[in-house]
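The values are calculated or read from the model by the stated rules, or taken from the named source; none is laboratory data. It should be emphasised that the depicted structure is a prediction, and the values quoted were computed from it without experimental measurement. All Cβ positions, glycine included, derive from the backbone under ideal geometry; neighbour counts span all protein chains shown.
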Amino acid sequence: MSKVFAASEIFQFAIRIEENGEKFYRLMTDKFKDDKIKDTFNFLADEEVKHRKIFEKFLSKIESYEPVESFPEEYFQYLRSYADERIFTKEDIAYLAGGKVDNEKQVLQFAIDREIDSILYYLEAKNLVSDDKKKEIDKIIDEERHHYLKLLEIKKTL
C-alpha cells in the first residue's frame, strides 16, 4: 500500500491548522472579559505559534516536493483549504468572532472540539512520517491533550 501523503504535505496541513488556531484564539481573547478565559486563549494562541514553528522547521528540512498533478499550485491550494474546511474553519471563526455568539460555554466547546480534531489529525499524520518526526509529533499531541483538558476544566467552572 502506497502512502497517500508526502511528509511535506502533512506538515503543510499542520502549519495551516496551527495558523487558523492562533487566529481563532486571538479573536476570542478580545471577545470575552473574564481574565481566566482571556489568559487561557492567549496561552493557547502562543502555543499554536510554537507548534507552527516546529512544523515549519520540519518542512524546511524536507526536500522539495512536487505533486504528480498537472497543476501543482492548485494542488497545494487544495491542501491548505482542507485544513481551513476541517479544523478552525474560516466560517466558524467569523461566526464566533462576529458577535453572534456571546456564550462562553459555546465558544469553549468549539475550542474543545477543535483540539480533539487536531489530536485526531496528528495521530493519523504520525503514521505517515519518519520515526524521528513521530517523536516530535507525539510531543505536540501531548500538548494538544493538555489544551483540551485546560479548556474542559474552564468550561466546567462556568
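Residues in the stretch 128-158 that are outside any helix (DSSP H, G or I) and aliphatic (A, V, I, L, M) were compared, and the one that is surrounded by the fewest Cβ atoms within 10 Å (Cβ to Cβ) is 158. Pairs linking a residue in the stretch 127-141 that is touching a residue at least 40 places away in the same chain (Cβ under 8 Å) to a residue that is surrounded by 15 or more Cβ atoms within 10 Å (Cβ to Cβ) and not in a helix (DSSP H, G or I), with Cβ atoms under 8 Å and 6 or more positions apart or on different chains, are 128/5. Can you work out which of the residues in the stretch 99-127 that are of a type in the set (Asp, Glu) and either under 18 Å from the mean Cα position of the chain (by Cα) or more than 19 Å from residue 32 (Cα to Cα) (or both) is surrounded by the fewest Cβ atoms within 10 Å (Cβ to Cβ)? Here the residue is 124. Look at residue 30 and say whether it is under 20 Å from residue 155 (Cα atoms) and either surrounded by 19 or more Cβ atoms within 10 Å (Cβ to Cβ) or at pLDDT below 85 (or both). Judged against the criteria, residue 30 is a match.
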